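S.K.: Next up is a structure, given as structure tokens.
The values are calculated or read from the model by the stated rules, or taken from the named source; none is laboratory data. Source: prediction; values computed, not measured. Cβ placement follows ideal geometry from the backbone for every residue including glycine, while neighbour counts extend to all protein chains displayed.
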Amino acid sequence: DGGITQSPKYLFRKEGQNVTLSCEQNLNHDAMYWYRQDPGQGLRLIYYSQIVNDFQKGDIAEGYSVSREKKESFPLTVTSAQKNPTAFYLCASSNLGLVEQFFGPGTRLTVL
Amino acid sequence: KNEVEQSPQNLTAQEGEFITINCSYSVGISALHWLQQHPGGGIVSLFMLSSGKKKHGRLIATINIQEKHSSLHITASHPRDSAVYICAVRWRGGNQGAQKLVFGQGTRLTINP
């Protein structure tokens with residue numbers, strides 16, 4: 001089945017540790033996105049990528065890093081510099097120039 | 001103040017009721033996206049709109065570009081419609097690359113049997 005997978009669904013880390021969230025898509029989409037969702041707030045864009053080996057900061061990129069070595073993969077690293085990392089993280093993809101984005105199931109990160 | 005405002009933030013109704021969720025935005029847009037987020041967190045696309053009205057099953061989405069407003073309607077609501085409904089907009093002038101969207105805060109809908 002075509003779609004976007006994110007793993008794991010739940011992730012627990014100790015404060016001060018870096019953690020990498022996985023996102024894989026087999027939709028052959030060029031564009032991929034990472035969002036953060038906090039209770040009562042809209043999704044906020046962390047990073048996005050339009051092409052392999054290129055990515056752009058979104059609205060809240062501080063404390064995060066990404067890579068895009070393959071078209072189908074766009075992992076997000078939450079670094080120890082992120083002040084409040086506990087949140088729900090969603091990955092999405094789309095065709096270039098099209099507004100409709102397809103979302104993965106999300107990863108809920110809790111930093112203890 | 002959020003540039004995309006949804007109302008109400010929470011809505012509880014009885015099964016069978018007609019539901020309306022509203023989305024207002026501040027400046028011109030080129031497209032608006034209605035999404036549904038299930039209790040487990042997964043998000044699915046419902047509608048893409050740039051003008052007029054679209055219908056899919058019991059769901060109807062309308063947009064009024066002049067008034068900068070869109071509505072999502074659910075007819076004959078059912079408990080399985082319980083979810084968070086999110087609107088997102090692309091501002092006018094968007095490029096042909098990756099599309100940066102601005103999201104509303106969501107409307108939590110609960111349909112009681």
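S.K.: Answer yes or no as to whether B:Ala13 is buried (at least 18 other Cβ atoms within 10 Å of the Cβ) and of a type outside the set (Ser, Thr, Tyr).
M.R.: Against the criterion (buried (at least 18 other Cβ atoms within 10 Å of the Cβ) and of a type outside the set (Ser, Thr, Tyr)), B:Ala13 does not qualify.
S.K.: Please work out which one of (1) within 12 Å of the chain's Cα centre (by Cα); (2) surrounded by fewer than 22 Cβ atoms within 10 Å (Cβ to Cβ); (3) not hydroxyl-bearing (Ser, Thr, Tyr) is the condition A:Asn28 fails and give its number.
M.R.: The number of the failed condition is (1).
S.K.: State which residue pairs qualify: first residue more than 10 Å from chain B (Cβ to nearest Cβ) and loosely packed, with under 15 Cβ neighbours inside 10 Å and inside segment A:41-67, second residue at pLDDT below 95 and assigned to a loop (DSSP other than H, G, I, E, B) in any location, beta carbons under 8 Å apart, and separation of 6 or more residues or different chains.
M.R.: A:Glu62/A:Ala81; A:Glu62/A:Gln82
S.K.: Taking B:Ser26 and the conditions (1) out of contact with any Ser or Thr (no Cβ under 9 Å at 6 or more places or on another chain); (2) within 13 Å of chain A (Cβ to nearest Cβ), which numbered condition does it fall short on, given that it satisfies the others?
M.R.: If we test B:Ser26 against (1) out of contact with any Ser or Thr (no Cβ under 9 Å at 6 or more places or on another chain); (2) within 13 Å of chain A (Cβ to nearest Cβ), just (2) comes out false.
S.K.: Okay, moving on. Is it the case that segment A:77-88 has a residue that's under 12 Å from the mean Cα position of the chain (by Cα), aromatic (Phe, Trp, Tyr) and more than 14 Å from chain B (Cβ to nearest Cβ)?
M.R.: no
S.K.: Now, a different point. Taking B:Leu11, is it under 11 Å from the mean Cα position of the chain (by Cα), assigned to a strand (DSSP E or B), more than 9 Å from chain A (Cβ to nearest Cβ) and under 26 Å from A:Phe88 (Cα atoms)?
M.R.: No.
S.K.: Could you grab the pairs with beta carbons closer than 6 Å, sequence gap of 6+ or different chains, first residue in segment A:90-106 and at the interface with chain B (Cβ under 7 Å from one of its Cβ atoms) and under 15 Å from B:Ala31 (Cα atoms), second one crowded, with 22+ Cβ neighbours inside 10 Å and at pLDDT below 90?
M.R.: Going by the 6 Å Cβ cut-off, the qualifying pairs are A:Ser94/A:Gln101; A:Val99/B:Gln99.
S.K.: Suppose we keep only residues that are touching a Phe, Trp or Tyr at 6+ places or on another chain (Cβ under 9 Å) and at pLDDT 90 or above within segment A:92-103. Which one would you say is farthest from B:Gln37 (Cα to Cα)?
M.R.: That would be A:Ser94.
S.K.: Let me ask another. Spot the failing condition for B:Ala61; the list is (1) among the hydrophobic types (A, V, I, L, M, F, W, C); (2) at pLDDT 95 or above; (3) closer than 30 Å to A:Tyr10 by Cα, and only one is missed.
M.R.: Only one criterion is unmet by B:Ala61, namely (3).
S.K.: Show me the strands (runs of 3 or more DSSP E) entirely contained within segment B:17-113 in which 1 or more residues are touching a residue at least 40 places away in the same chain (Cβ under 8 Å).
M.R.: B:19-25, B:29-37, B:43-49, B:69-74, B:83-91, B:107-112
S.K.: Identify the residue in segment B:38-64 that is more than 14 Å from chain A (Cβ to nearest Cβ) and surrounded by 15 or more Cβ atoms within 10 Å (Cβ to Cβ) and, among all such residues, is nearest to A:Thr107 (Cα to Cα).
M.R.: Among them, the one singled out is B:Leu59.
S.K.: Restricting attention to segment A:4-36, which residues are under 18 Å from A:Ile60 (Cβ atoms) and in contact (Cβ under 8 Å) with a residue 60 or more places away in the chain?
M.R.: A:Asn18, A:Val19, A:Leu21, A:Cys23, A:Met32, A:Tyr33
S.K.: Here is a follow-up. Return the residue satisfying two criteria in turn: it lies in segment B:65-89 and is surrounded by 20 or more Cβ atoms within 10 Å (Cβ to Cβ), of a type in the set (Gly, Ala, Ser) and under 9 Å from the mean Cα position of the chain (by Cα), and of such residues it is nearest to A:Glu100 (Cα to Cα).
M.R.: My answer is B:Ala88.
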